[in-house]
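Heads up: the structure comes next, in structure tokens.
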Amino acid sequence: MAKICRFQRKNGWPDLCSLSCRSCTGIDMKILLVDNDPVYLSLLAEVLTLYSHQVVRALDGEEACALLQQETVQLIISDVGMPKLNGMDLHIRVRTDERFKDIPFAWNSSYPELLRVLEIKDPSIDYKFEKTMPLPNLLHFVNRIDATRRLRAEMTTS
């Protein structure tokens, strides 16, 4: 049975504790969120921040590239269709830059058919999810990525 921490008891979310609570898991990851929808960007940032992840936001791929020069992140979550520099081109830039090529990259989109096409065109995509994914599933998804990242780091230092 999952333990219920003070945060979840206060907010009435006892079922999420085993998935995401930093006070229970010690998770603290810096995530770059890239989306041209400011409402979705704020919602996702707020949820991830509530669960003790640090969040850096960009409204398009160009802004994300500039932020990557200044910030060290452990995960990039990017929309696909954006102005200036879209998510596909951002992915190419990240994967071709030695400094960023190993950062896990997750695509999100409100168009599930677009995600299927992207998987066929670019099998190197690390992760993909729909924007309609329920929040507990999203938090579990992010924490699995973090657990994998931590395990890889331990294996390379051993």
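Residue-level check: of (1) hydrophobic (A, V, I, L, M, F, W, C); (2) at pLDDT below 95; (3) within 15 Å of the chain's Cα centre (by Cα), Ala58 misses just (2).
When Ala64, Ala106 are screened for being of a type in the set (A, V, I, L, M), under 26 Å from Arg152 (Cβ atoms), surrounded by fewer than 21 Cβ atoms within 10 Å (Cβ to Cβ) and within 16 Å of the chain's Cα centre (by Cα), only Ala106 passes. Beta carbons closer than 6 Å, at least 6 apart along the sequence or on distinct chains, pair a first residue in region 141-158 that is under 22 Å from Tyr51 (Cβ atoms) with a second that is at pLDDT 80 or above and part of a loop (DSSP other than H, G, I, E, B) for Ile145/Pro104; Asp146/Met29; Arg149/Gln74. Reported count of residues in region 47-102, each being β-branched (Val, Ile, Thr), under 19 Å from Lys131 (Cβ atoms) and part of a helix (DSSP H, G or I), is 2. Close Cβ contacts (under 8 Å, 6 or more residues apart or on different chains) running from residues in region 122-136 that are within 18 Å of Ala45 (Cα to Cα) and surrounded by 16 or more Cβ atoms within 10 Å (Cβ to Cβ) to residues that are modelled with pLDDT under 80 and of a type in the set (Ser, Thr, Tyr) comprise Lys128/Ser109; Lys131/Ser109; Lys131/Ser110.
The values are calculated or read from the model by the stated rules, or taken from the named source; none is laboratory data. Remember, predicted model here, so these are calculated numbers, not experimental data. FYI the Cβ positions are ideal-geometry reconstructions off the backbone, even for glycines, and counts take in every protein chain you see.
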